[in-house]
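Below is one structure, written out as structure tokens, with a few remarks after it.
The values are calculated or read from the model by the stated rules, or taken from the named source; none is laboratory data. Worth saying up front: this structure is predicted, and the values here are computed from it rather than measured. Every residue, glycine as well, gets a Cβ built from its backbone with ideal geometry; the counts of neighbours run over all protein chains shown. Only protein heavy atoms, including side chains, enter the accessible area calculation; ligands, DNA and RNA are left aside. Shrake-Rupley method; radii C 1.70, N 1.55, O 1.52, S 1.80 Å.
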Amino acid sequence: MVKANSRIDYSDFEHIMIHLAGERGWTFKFGDESVPVEAVFNHSTYAPALLSAAETELAARRIGGDLAFGLEGEGNSLFGARVRFVSERNTFLSQFWRIATTALIIESLPRSGNSIMLDQLQYVLGDRFADYVETATAGAF
């Protein structure tokens, strides 16, 4: 049983989403490449784009749900950003909103056969974290 004052870590969200993906039979692709479920919900891969899209969706629907997350630049990430939870706003209600809206976003992404296509997520963050991606890329050469 979870206590009311328990801390909600990113790994809690990640594990719930991985379990939900298994239950719903979600498989993922980016371009022609299969993407492991664990990579989709990782805090430095697709999660920054998924949670940002979820936040935008709530705002567009004028729903006051607080996902209680922030993004910080990280050179060793897929889109230049990683997710961090804002501890003073991070509640069980925030966790509910994160799970529900992320599932909604995933279900709304295009499909190719049985796979959910993640390609559109590369545009969600725009250029906000491009400097981190370019820095990481420049260091690789």
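In table form, for the structure just shown:
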| quantity | calculated |
| --- | --- |
| Filtered residues of the stretch 65-94 (kept if open to solvent by less than 80 Å² (accessible area, probe 1.4 Å), free of Cβ contacts under 8 Å to residues at least 24 places away in the same chain and either over 30 Å from PHE30 (Cα atoms) or part of a strand (DSSP E or B) (or both)) | GLY70, GLU72 |
| Pairs, first within 14 Å of ALA39 (Cβ to Cβ) and free of Cβ contacts under 8 Å to residues at least 24 places away in the same chain in the stretch 110-122, second among the aliphatic types (A, V, I, L, M) and assigned to a loop (DSSP other than H, G, I, E, B), C-beta under 6 Å, six or more apart | none |
| Checking PRO48 against (1) surrounded by fewer than 18 Cβ atoms within 10 Å (Cβ to Cβ); (2) not in a loop (DSSP other than H, G, I, E, B), the condition it does not meet | (1) |
| Output for the stretch 19-45, where each listed residue is open to solvent by 60 Å² or more (accessible area, probe 1.4 Å) and either under 10 Å from the mean Cα position of the chain (by Cα) or of a type in the set (A, V, I, L, M, F, W, C) (or both) | PHE30 |
| Residue check, HIS15 at pLDDT 90 or above and either assigned to a loop (DSSP other than H, G, I, E, B) or buried (at least 17 other Cβ atoms within 10 Å of the Cβ) (or both) | no |
| Some residue of the stretch 32-45 being β-branched (Val, Ile, Thr), in a helix (DSSP H, G or I) and closer than 21 Å to ASN90 by Cα | no |
